[in-house]
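What follows is a short report on a single structure.
The values are calculated or read from the model by the stated rules, or taken from the named source; none is laboratory data. Bear in mind that the values here come from a model prediction, so they are computed numbers and not experimental data. Cβ placement follows ideal geometry from the backbone for every residue including glycine, while neighbour counts extend to all protein chains displayed. We work out accessible area using only protein heavy atoms, side chains counted, and drop any ligands, DNA or RNA first. Shrake-Rupley method; radii C 1.70, N 1.55, O 1.52, S 1.80 Å.
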Amino acid sequence: MEELRFDIHQIQRNKKLFFNYNRLRMEHAFAQDPEKAAVGFDIIPVLLSVNEVDLPGYVSRGDSGCGVYGVGSSYRLRNVIQEYFPETKFRNIPYQRYLVRKPLVESLFVLGSIGTVAQTDQSDFDFWVCVDEPRWSGRALEALREKTRRISHWCQSTFNMDVHFFILDLDQIRRNDFGRVDEESSGSSQKNFLKEECYRTMLFVSGKIPFWWVVPSQLGQDTYDAYWRAFAIEAPLDFVDFVDLGYLKEVSKTEFLGNALWQLSKGIKDPFKSLLKMAMMEMYLSSTFRGPLLCDVLKDRVLGGKRFLKDLDPYLLMVERVLDFYEKEHDIGAVELLRKAFYLKSNPMLTRARRIRGREYKYEVFKSLMRQWKWRLDLVEDLNQIENWSYSKLLQFSKEINRFFSTTYRRLSENLRSTEKQEIDEYDLTVLGRKLFALFSQRKNKLQVTPFLTSKRVTLDRCVFQYEPRGHGKHRWVLYDASWYSTERKRKKQRIFSADRVVRAAAWLVNNGLYDFHRTTVEMIPNPTGVTLNDLIHLLKHIQAYFSPAYYYGQNGKAFYETARMEKIMAIVDMEELEKLSKWLTMDIIYRNTWGELFTEIYPYRDGLQVLIEYIRQLRIKDERDLAERFVLHLPESSRKLEISARIYQEVYQTIGYEQAATGQLFLLQYG
């Protein structure tokens, strides 16, 4: 085999090709959303380079926490700041002073769908902020973290733009060490998988160019390292403009568990993207996959001189290869589901009308795919209306997606040898495992959460509670969705849930975000119980005010690393009794734990008091104010009389050991 030799001319040529490719994606990002692109690619690099009062991202005594390599001249900094923040025109900002300092940020780029066919108005800007941590003080790094937090908040509040900054040490990136799992970071659950995604989807913003992008693909680790060393010696002036983020050889089966758990946990919020990534993982780990990795395929196309974005779109490349894999596996159901997921993720909104200005590229791509997939326009227009689908139709599609996740996970698990030790660390494995347990496990008295498929949660316009006798003295409460949907040909009631207690049915409705006091009309069929419509509406309002819907309830990793414990409790007395609050017969209890799971239980009143004693003990109450925030007693509206209410409050609060708190709660009950 002929020895590979370092060639500076080849590096310079490849650098030019990489910039041409980067420019194509930048242009598409600006065409898709000019305002957000300007924020991401013009304003944010400049804000990270200065630290001035009244500019977003300012940190008191934080001058050491700014600076981006190669951000531009003082002239560019001044132009950008004065264009977007005109109030600074008459301020004497020392731009040159910021530029002569050694910059903290070595390289800055965006990962994900930005600048691809899959970019939408909801796409996040996920920045990798690469720093050489050992060369900087803890104070400088903390100032940078605070600066990125403030810039992120400014982007959200000003432009409704989700911006996430991941500050990563260069050596950690080279070692594929991406920290701990949290809401946005995959931590150790992905290593080579994330490195592959990094190289494949990165959109270079500023700083030093990743060296991987300008050397031939599939060199091998030793040759890659030799290239890097030779570059430093033979072309030191060019060398300073590049950064080594590490070589990528393959994706290992030892990453399966962590990556699968991560995609499953992200699937609850972004199922279409997670579906495509889970499919890509199965392709990589299949026995038939012989390479090359998709990032190498993309690099070969870029360095081979391909000039059109359709040939260089990393998202389109991934989908094409994944669909090809499942077609060869003769899994037609998976192929069709993945096609729908890609369409819904990209949201091209193809219609019979004209294309949308600025989105011609996306339009042409999906027009071509429609012909290739033999899709009818009726199917496309139905997918366009997913946010107007009925709850039942969304639920059916959600079950189809969950089946794909579960069967893929099971298939991959069975193909793994028990000797292949998984690389995810104990903390991340615990956090992700428990998060999935909280989301999907079916336990006694637990209320299940239905995954959502759209950016807009379904809130029912009209909901019907119906009592149904079951014989032998038993009954159930059935919930019907009676809303009118523009995608349905005729209005019809659709059964969506049933429970043995009206409290449980009401709690499920609120927990899944299907009820909103200002929007949902509640109806109830006349029934032989003591539940009145007014009582039911009042209960729903109280539950909604006290327990936020499950999709609003975000827990950090630390909560899942610890054992789940009681967090909030509501007790309801005599909700279904015909003679309410006379004999105090029943107590329904609703509680949420620190993992976000919601449970309901029913007891005879006296037994319920004893259960409450234990549950209140688990709350670890600090004082009466803490108790008021974490425990509430609900009495049916129709039977609420001051004297009777006072007696119940007195007994309940006396039983749980907080008799003095009853007076304040009773006052709120009457006048709040």
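I need a count of the residues in the range 529-544 that are out of contact with any His (no Cβ under 8 Å at 6 or more places or on another chain) and assigned to a helix (DSSP H, G or I).
10
Show the residue pairs meeting these rules: Cβ distance below 7 Å; 6+ apart or different chains; first residue within the range 436-456 and of a type in the set (Lys, Arg); second residue modelled with pLDDT of 75 or more.
446/597; 446/599; 456/387
Out of (1) open to solvent by 10 Å² or more (accessible area, probe 1.4 Å); (2) in contact (Cβ under 8 Å) with a residue 24 or more places away in the chain, what's the single condition that is false for residue 138?
Only one criterion in (1) open to solvent by 10 Å² or more (accessible area, probe 1.4 Å); (2) in contact (Cβ under 8 Å) with a residue 24 or more places away in the chain is unmet by residue 138, namely (2).
Which condition does residue 87 not pass, out of (1) open to solvent by 40 Å² or more (accessible area, probe 1.4 Å); (2) more than 30 Å from residue 31 (Cα to Cα), if it passes all the others?
Here residue 87 clears every test but (2).
Any chance the range 509-520 includes a residue that's in a loop (DSSP other than H, G, I, E, B), at pLDDT 90 or above, more than 30 Å from residue 613 (Cα to Cα) and acidic (Asp, Glu)?
Checked the range 509-520: at least one residue is in a loop (DSSP other than H, G, I, E, B), at pLDDT 90 or above, more than 30 Å from residue 613 (Cα to Cα) and acidic (Asp, Glu).
Output yes when any residue across the range 625-643 is of a type in the set (Lys, Arg), in a helix (DSSP H, G or I), out of contact with any Asp or Glu (no Cβ under 6 Å at 6 or more places or on another chain) and touching a residue at least 12 places away in the same chain (Cβ under 8 Å), and no when none is. Steps first, please.
So the first thing to find is which residues in the range 625-643 are of a type in the set (Lys, Arg), and the list is 625, 630, 640-641.
Those still in the list that are in a helix (DSSP H, G or I) too: 625, 630.
Retained after the next criterion (residues that are out of contact with any Asp or Glu (no Cβ under 6 Å at 6 or more places or on another chain)): 625, 630.
Still in the list and also touching a residue at least 12 places away in the same chain (Cβ under 8 Å): 630.
Looking through the range 625-643, at least one residue is of a type in the set (Lys, Arg), in a helix (DSSP H, G or I), out of contact with any Asp or Glu (no Cβ under 6 Å at 6 or more places or on another chain) and touching a residue at least 12 places away in the same chain (Cβ under 8 Å).
Which residue, of 246, 291, is open to solvent by less than 10 Å² (accessible area, probe 1.4 Å) and either out of contact with any Leu (no Cβ under 7 Å at 6 or more places or on another chain) or at pLDDT below 95 (or both)? Break it down stepwise before answering.
Numbers: 291 fails: open to solvent by less than 10 Å² (accessible area, probe 1.4 Å).
Criteria check complete, one pass: 246.
Would you please name the residue that is surrounded by the fewest Cβ atoms within 10 Å (Cβ to Cβ), looking only at residues in the range 360-400 that are within 21 Å of residue 319 (Cα to Cα) and among the small types (Gly, Ala, Ser)?
368
Would you mention how many residues in the range 24-83 are of a type in the set (Ser, Thr, Tyr), in a loop (DSSP other than H, G, I, E, B) and at pLDDT below 95? Give the steps one after another, and end with the answer.
Taking the range 24-83 as the starting set, the residues that turn out to be of a type in the set (Ser, Thr, Tyr) are 49, 58, 60, 64, 69, 73-75.
Of the ones still in play, those that are also in a loop (DSSP other than H, G, I, E, B) are 49, 58, 60, 69, 73.
Okay, now just the ones that are also at pLDDT below 95, so 60, 73.
Adding up the residues that qualify gives 2.
May I ask you to list the residues in the range 471-492 that are closer than 13 Å to residue 460 by Cα and surrounded by 15 or more Cβ atoms within 10 Å (Cβ to Cβ)?
Across the range 471-492, the qualifying residues are 479, 480, 481, 482, 483, 485.
Out of the residues in the range 311-327 meeting the condition of being farther than 16 Å from residue 373 by Cβ and of a type in the set (D, E, K, R), tell me which one is least open to solvent (accessible area, probe 1.4 Å).
That would be 313.
For the range 34-53, which positions are closer than 20 Å to residue 160 by Cα and acidic (Asp, Glu)?
Within the range 34-53, 35, 42 meet the criteria.
Sort out which residues of the range 630-643 are under 19 Å from residue 576 (Cα atoms) and open to solvent by less than 40 Å² (accessible area, probe 1.4 Å), and write them in order of number.
So in the range 630-643, the residues under 19 Å from residue 576 (Cα atoms) come out as 632-641.
Answer for the range 630-643, where residues must be under 19 Å from residue 576 (Cα atoms) and open to solvent by less than 40 Å² (accessible area, probe 1.4 Å): 632, 633, 634, 635, 636, 639.
I need a count of the residues in the range 590-629 that are surrounded by fewer than 18 Cβ atoms within 10 Å (Cβ to Cβ), of a type in the set (Lys, Arg) and within 35 Å of the chain's Cα centre (by Cα).
Total meeting the criteria: 4.
Here are some conditions: (1) within 30 Å of residue 178 (Cβ to Cβ); (2) open to solvent by less than 30 Å² (accessible area, probe 1.4 Å). Residue 72 meets all but one. Which one does it not meet?
Just one mismatch for residue 72, condition (2).
State all residues of the range 116-171 that are small (Gly, Ala, Ser) and part of a helix (DSSP H, G or I); if no residue qualifies, say none. Write out each step before concluding.
Let us first name the residues in the range 116-171 that are small (Gly, Ala, Ser), namely 118, 123, 137-138, 140, 143, 152, 157.
Those that are small (Gly, Ala, Ser) and part of a helix (DSSP H, G or I): 138, 140, 143, 152, 157.
Table: residues versus (1) within 27 Å of the chain's Cα centre (by Cα); (2) more than 27 Å from residue 396 (Cα to Cα).
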{"position": "467", "(1), (2)": "no, no"}
{"position": "496", "(1), (2)": "yes, no"}
{"position": "527", "(1), (2)": "no, yes"}
{"position": "530", "(1), (2)": "no, yes"}
{"position": "542", "(1), (2)": "no, yes"}
{"position": "569", "(1), (2)": "no, yes"}
{"position": "577", "(1), (2)": "no, yes"}
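Check off (1) surrounded by fewer than 18 Cβ atoms within 10 Å (Cβ to Cβ); (2) among the aliphatic types (A, V, I, L, M); (3) within 26 Å of the chain's Cα centre (by Cα) for residue 43 and give me the number that stays unchecked.
With respect to (1) surrounded by fewer than 18 Cβ atoms within 10 Å (Cβ to Cβ); (2) among the aliphatic types (A, V, I, L, M); (3) within 26 Å of the chain's Cα centre (by Cα), residue 43 is out only on (1).
Test each condition in (1) in a helix (DSSP H, G or I); (2) at pLDDT below 85 for residue 364 and report the one that comes out false.
(2)
Here are 654, 650, 618: which of them is in contact (Cβ under 8 Å) with a residue 24 or more places away in the chain and assigned to a helix (DSSP H, G or I)?
On the way: 654 fails: in contact (Cβ under 8 Å) with a residue 24 or more places away in the chain; 650 fails: in contact (Cβ under 8 Å) with a residue 24 or more places away in the chain.
After applying the criteria, what remains is 618.
Looking at the range 341-351, is at least one residue in contact with an Asp or Glu (Cβ under 9 Å, 6 or more places away or on another chain), of a type outside the set (Lys, Arg), open to solvent by less than 10 Å² (accessible area, probe 1.4 Å) and at negative phi?
Pass one, the range 341-351, residues in contact with an Asp or Glu (Cβ under 9 Å, 6 or more places away or on another chain): 345, 347, 350-351.
From what's left, of a type outside the set (Lys, Arg): 347, 350-351.
Okay, now just the ones that are also open to solvent by less than 10 Å² (accessible area, probe 1.4 Å), so 350.
Subset that is at negative phi: 350.
Looking through the range 341-351, at least one residue is in contact with an Asp or Glu (Cβ under 9 Å, 6 or more places away or on another chain), of a type outside the set (Lys, Arg), open to solvent by less than 10 Å² (accessible area, probe 1.4 Å) and at negative phi.
Restricting the search to the range 571-589, which residues are surrounded by fewer than 22 Cβ atoms within 10 Å (Cβ to Cβ) and either assigned to a loop (DSSP other than H, G, I, E, B) or in contact (Cβ under 8 Å) with a residue 60 or more places away in the chain (or both)? Break it down stepwise before answering.
From the range 571-589, those surrounded by fewer than 22 Cβ atoms within 10 Å (Cβ to Cβ) are 577-579, 581-586, 589; that's our starting set.
Once the filter is applied, which keeps residues that are surrounded by fewer than 22 Cβ atoms within 10 Å (Cβ to Cβ) and either assigned to a loop (DSSP other than H, G, I, E, B) or in contact (Cβ under 8 Å) with a residue 60 or more places away in the chain (or both), the range 571-589 yields 577, 578, 579, 581, 582, 583, 584, 585.
Residue by residue through the range 440-455, note down the ones that are at pLDDT below 75 and buried (at least 16 other Cβ atoms within 10 Å of the Cβ).
Scanning the range 440-455 gives 451, 452, 453.
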